[in-house]
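The values are calculated or read from the model by the stated rules, or taken from the named source; none is laboratory data. Given the structure is predicted, the values throughout are model-derived calculations rather than measurements. Don't worry about glycine lacking a Cβ; one is built from the backbone with ideal geometry, like all the others, and counts go over all protein chains shown.
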Amino acid sequence: MTICRMDDADNLSGQLMTKKPGAFTKWTILTVVLFFFAVMAAGFAALDDSLTAKLLAIASGALAVLCFVNIYRSQKAADRYFLAYLFDDDINSAVVMEDIVRACTNNTLFGAEFSVTFGREHHNWGRIASNMKKIDTCSKVDEFLQRTDVVKYCGTVIEEVHDIKETKKEYRVRAKLRRLDTKHFFVVNYTGTLRIPKSFMNSDALTERLRMMI
């Protein structure tokens, strides 16, 4: 079995808190501060028609928008970072994408008898990080990803590849996908674009395999 995932899978919990809630909080605070300055500057500009205040309002507003865009892009990049892909040498076997963060929302995958996996609990970063500490080495992560119950809960089968494009940092794969967990999703079959970082371990082997499916 070949696994394509982030190059460094040690300390997943620390990486999660830095890339998801940590980054979100940092950029959100900066966005709010810049928006506040933009409003204040606009107010001063309205009072005395100051060119400096107008320019400050425009600059602060533009920076606030850029920060908001960066929040969205950083969160999407973090989502991609915690994906993994599994495949073997048999061309007729499935290529499966797994969402590591989603797997770690389910306590039953870590020995619990019951787990709430919807609503606010789906984004309980403390619980997710706690579960990630139980797979805190590369070998444990790989073993976890190959478990049948994990695959069924957080796996998505790549059924058909339509196109593969290469950029400087990633491969963009347009493909037909099928979620294996049919209990928590209304839409199981869909077409989407996978963005696979070139920094991922075995990314070249994965894209070679996917090219065979075109």
How many residues of region 202-214 are touching a residue at least 60 places away in the same chain (Cβ under 8 Å), surrounded by fewer than 18 Cβ atoms within 10 Å (Cβ to Cβ) and not in a loop (DSSP other than H, G, I, E, B)? The answer is 1
Considering only region 114-137, how many residues are modelled with pLDDT of 75 or more and either acidic (Asp, Glu) or not assigned by TED's automatic domain parsing to the domain that holds Asp149 (or both)? 1
Looking at Arg195, Arg174, Arg179, which is the one that is in contact (Cβ under 8 Å) with a residue 40 or more places away in the chain, in the same structural domain as Asp142 (by TED's automatic domain parsing) and farther than 17 Å from Phe87 by Cβ? Arg195
Filter region 1-59 for residues that are of a type in the set (S, T, N, Q) and either surrounded by 13 or more Cβ atoms within 10 Å (Cβ to Cβ) or at pLDDT 85 or above (or both); the one that is nearest to Ile91 (Cα to Cα) is Thr2
Looking at region 153-169, can you tell me whether even one residue there is loosely packed, with under 15 Cβ neighbours inside 10 Å and among the aromatic types (Phe, Trp, Tyr)? no
The condition of being in a strand (DSSP E or B), in contact with a Lys or Arg (Cβ under 8 Å, 6 or more places away or on another chain) and acidic (Asp, Glu) holds, among Asp163, Asp181, only for Asp163
Read through the list (1) out of contact with any Leu (no Cβ under 7 Å at 6 or more places or on another chain); (2) within 22 Å of Asp89 (Cα to Cα); (3) buried (at least 16 other Cβ atoms within 10 Å of the Cβ), then give the number of the only condition that Arg147 fails. (3)
Top-ranked residue of region 78-118 - restricted to ones that are of a type in the set (A, V, I, L, M) and free of Cβ contacts under 8 Å to residues at least 40 places away in the same chain, ranked as surrounded by the fewest Cβ atoms within 10 Å (Cβ to Cβ): Ala112
